[in-house]
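Beneath this line is the structure, given in structure tokens, with notes to follow.
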Amino acid sequence: MGLIDNLLLGFSVALSGSNLLYAFIGAFLGTVIGVLPGIGPLATIAMLLPLTFGLDPTTSLIMLAGIYYGSQYGGSTTAILLNLPGESSSAVTTLDGYKMARNGRAGPALTAAALSSFFAGSVATILIAVVATPLTSVALSFGAAEYFSLMVLGLLSSVALASGSIIKAIGMICLGLLLGLTGTDVYTGAPRLTYGSMDLLDGIDFVAVAVGVFGIAEILRNLESRGDQRVTVANVGSLWPTRNDFRRMVVPMLRGTTIGSFLGILPGGGTILSSFVAYNVEKKLSRNGKDFGHGAIEGVVAPEAANNAGAQTSFIPMLSLGIPSTVVMALMVGAMTMQGIVPGPDVITKSPQLFWGLITSMWIGNLMLVVLNLPLVGLWVSLLRVPYTILFPAIILFCAIGVYSVNNSTFGIYLIVISGLVGYLLSKLDCEPAPFVLGFVLGPMLEENLRRALILSNGDPMTFVERPISLALLLVSVGAVLFVSLPSISRRRKEIFVEDV
Amino acid sequence: MKVNGKDLASGVIFMGAGAFYFGYALKTLPIGQMLNMGPGYFPVLLSSLTFLVGLVVAISSINRPQETPLGVIPWRGIIMITLALLFFAVFLFDLGLFPVLVGTAMLTCFASTEMTIRRAILTSLALSVFCVAVFSYGIGLPIPIIGPWLGG
């Protein structure tokens, strides 16, 4: 089947009534939480996961994906109008976006952000469609050793591309891997590391951990500082950019999309890094570089294109290899697993309607988002007046009910409490939760492939370096960590994340 | 001597977790050998690695200044949110969904220092009505709305 046939199949799935409805719900919710500072896509997806069990697998993934890329759109609205990042990935958008708003050009800034996000989203969607199939056939030739090495690469490069201390992130991966092993041993069926608890025989509930580490810990962080700040929202005015604006948008949009698409595919790359890098590159390369920080439209377009492109292309490794490269993708893997779909190269052949339906729905969702974001901007602005003191009790209630309903058991609630408190403590110590959760999800898969590879090689650990693909993957992962550990690079790496913010 | 307190603490936590899991796995699980790993093989391997990483983190904290302060700790928020969630888990079946949601929301509201009683009551009632509407009537969550303790 050619690409066109596949896309047609996708559209026939994505355009069905309920899928269209849930794509809209996802995009809408995503925009809401994107606009609201203090609640991100991670916590939202974790909270809503249990509610999607009743849905068809394709429909549920379409909705969850919508939340994710929708939040990228919503985040920029808050960044431009309020000088506050609604999402961390739009932090750099505040620099020039808010300046534009102060200069009375909030409308064109919002339009530029939405249009460049839409452009980037469309390009990234096509990229997924083109790249995923060949990547899948490569993945099908992988044995256990290659899969093991691929996961090592995923884990280590997520460390290399994240901000903060590398060695601490590795420590967090190890903790995640260890806790992920709780449950029943796949080979012998023996319970292990369960503290004798029946509730832990199926492992520690991933949804509860994610809700605790991201939802609860985030609320606690917000309670540190937050009073209800009186927000002053800039006046939006006319939405239309001038002809000159449009001319200045084209090149940054292309560069931002390219950077975002590339970094999104890399494990751990994701949206935050994409937008930071795109902004800095644009500042260096743009003819209007000196205007950056004073309301340059390029400074809005490039990072917004990049974070949306990155959000979309991070689906590539998850869909074609079954390996989540970011925590949001880990949640998607969790959603698929709970629906009885094993993520991996088989998805595209065994459930093509899910694969292509999801991809085409992303494009449709992006189209909806442009419509949602621009004409309805007044609605989002009024949303910003909802005080946090109402918001966080709502989040807690949703978390509690959501996690309860996963297994119809209150055990998960205790898990939220523990993981929330531990997650908060560790984040206070500058240990990032993302590598922990990635490790937690990959732990069982990593062990299974390690054991299978060693059985196949008669117990010879050299199998990992004798098989060329496996060796290459391992070398790249070690190389990535060594590279970012170099003193000059590590200084530069720190700068990328703090520069101008 | 300057010590990066955050790094030292993280290192100690990693070491502690590594040591605990090492002992726990070694005591309760058969290890096997590399050709045919037992359930304990990978946990033992991994916990040793965790311990080592912790050691490196702890050692490298010495003679390095702490870059950012620890900041405030929202004790009130931590305590109230913990209590709220425990209240939910313990009394869900006895009180029923609606009363337990009101209680959980009330406790949560007072995690913030800026909450007034009036606002807390209004917020809690509104949120609980909303949740019951969505989850009980909308999705059909099988929990009684009013539990046995309240005659439901």
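Every read-out reported here was derived from the displayed coordinates using simple, explicitly stated rules and does not represent laboratory data. From a predicted model like this one, the values you see are computed outputs, not experimental measurements. Using ideal geometry, Cβ is built from the backbone for each residue, glycine included, and neighbour counts are taken over all protein chains shown.
Data overview
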{"quantity": "Charge dipole of chain A about the Cα centre (unit charges at C-beta), most positive-ward option of A:Leu475, A:Thr52, A:Gly75", "calculated": "A:Gly75"}
{"quantity": "Where a label projected 7 Å from the Cα of A:Val251 along Cα→Cβ would reach, residues of segment A:284-320 with amide N under 19 Å", "calculated": "A:284-306"}
{"quantity": "Within the protein assembly as shown: Cβ-based charge dipole about Cα centre, in debye rounded to nearest 20 (Lys, Arg +1; Asp, Glu -1)", "calculated": "1480 debye"}
{"quantity": "About the Cα centre, charge dipole magnitude for segment B:27-152 (Lys/Arg +1, Asp/Glu -1 at Cβ), debye", "calculated": "120 debye"}
{"quantity": "Exercise: per-residue mean of other protein chain Cβ atoms within 10 Å, A:193-203", "calculated": "1"}
{"quantity": "Distance in nm between pseudo-label sites at A:Ser88 and B:Asp94 (7 Å out along the Cβ direction from Cα)", "calculated": "4.0 nm"}
{"quantity": "Percentage relative contact order, chain B, counting C-alpha pairs under 8 Å, at least six apart", "calculated": "22 percent"}
{"quantity": "Long-range Cα-Cα pairs in segment A:36-174 (distance over 24 Å), rounded percent", "calculated": "55 percent"}
{"quantity": "Of B:Met34, B:Met106, B:Met15, the one that fluctuates the most in a GNM where chain B has Cα springs shorter than 10 Å", "calculated": "B:Met34"}
{"quantity": "Per-pair calculated FRET efficiency, R0 = 45 Å: A:Ser16 and A:Arg243 via Cβ, rounded to 0.05", "calculated": "0.65"}
{"quantity": "Share of Cα-Cα pairs in segment A:129-281 lying beyond 25 Å, as whole percent", "calculated": "60 percent"}
{"quantity": "Shape call, segment A:350-398: gyration tensor on alpha carbons, a/c limit 1.5", "calculated": "oblate"}
{"quantity": "Pairwise Lys count, chain A - Cα closer than 28 Å, eight or more residues apart or different chains", "calculated": "10"}
{"quantity": "Calculated [θ] (222 nm, deg cm²/dmol) that DSSP helices of n ≥ 4 give over the protein assembly as shown, each run adding -39,500 (n - 2.57)", "calculated": "-23000 deg cm²/dmol"}
{"quantity": "Sites B:Phe130 and A:Glu224, calculated FRET efficiency, Cβ-Cβ separation with R0 30 Å, nearest 0.05", "calculated": "0.65"}
{"quantity": "Anisotropy class of chain B from Cα gyration tensor, a/c 1.5 cut", "calculated": "oblate"}
{"quantity": "Helix axis angle, A:243-265 relative to chain A longest principal axis, alpha carbon, degrees", "calculated": "10 degrees"}
{"quantity": "Rough spin-label spacing in nm, given labels placed 7 Å along Cα→Cβ, for A:Asp199 and B:Ile31", "calculated": "3.3 nm"}
{"quantity": "Cα-based shape type of the protein assembly as shown, given that a ≥ b ≥ c are square roots of the gyration tensor eigenvalues and the cut on a/c is 1.5", "calculated": "rounded"}
{"quantity": "For the protein assembly as shown, with +1 on Lys and Arg beta carbons and -1 on Asp and Glu, the positive-most of B:Leu150, A:Leu379, A:Thr463 along the dipole", "calculated": "A:Leu379"}
{"quantity": "Karplus 3J(HN,Hα) series, Hz, for segment A:44-59 with 6.51 cos²θ - 1.76 cosθ + 1.60 (x for Gly, Pro)", "calculated": "5, 4, 4, 5, 8, 3, x, 6, 8, 4, x, 7, 4, x, 4, 4"}
{"quantity": "Nearest-ten-degree value, helix A:166-180 long axis tilted from longest Cα axis of chain A", "calculated": "50 degrees"}
{"quantity": "Karplus 3J(HN,Hα) series, Hz, for segment A:364-375 with 6.51 cos²θ - 1.76 cosθ + 1.60 (x for Gly, Pro)", "calculated": "4, x, 4, 5, 4, 5, 4, 5, 5, 7, 6, x"}
{"quantity": "Neighbour count of at most 15 Cβ within 10 Å plus DSSP loop: longest trypsin sites (Lys or Arg not before Pro)-free window in chain A", "calculated": "A:1-229"}
{"quantity": "Computed lengthening from A:Thr349 to A:Ser163, 0.36 nm per intervening residue step minus Cα-Cα distance", "calculated": "63.3 nm"}
{"quantity": "Dipole magnitude of segment A:148-278, debye to nearest 20 (Cβ charges: Lys/Arg +1, Asp/Glu -1, about Cα centre)", "calculated": "820 debye"}
{"quantity": "Whole-number percent relative contact order across chain A, with pairs defined as alpha carbons under 8 Å at least 6 apart", "calculated": "28 percent"}
{"quantity": "From phi via Karplus (6.51, -1.76, 1.60), per-residue ³J(HN,Hα) for segment A:20-32 in Hz, x at Gly/Pro", "calculated": "5, 4, 6, 4, 5, 4, x, 4, 5, 4, x, 4, 4"}
{"quantity": "Most positive-pole-ward Cα, A:Trp363, A:Met329, A:Ala302, against dipole of segment A:283-403 from beta carbon charges", "calculated": "A:Ala302"}
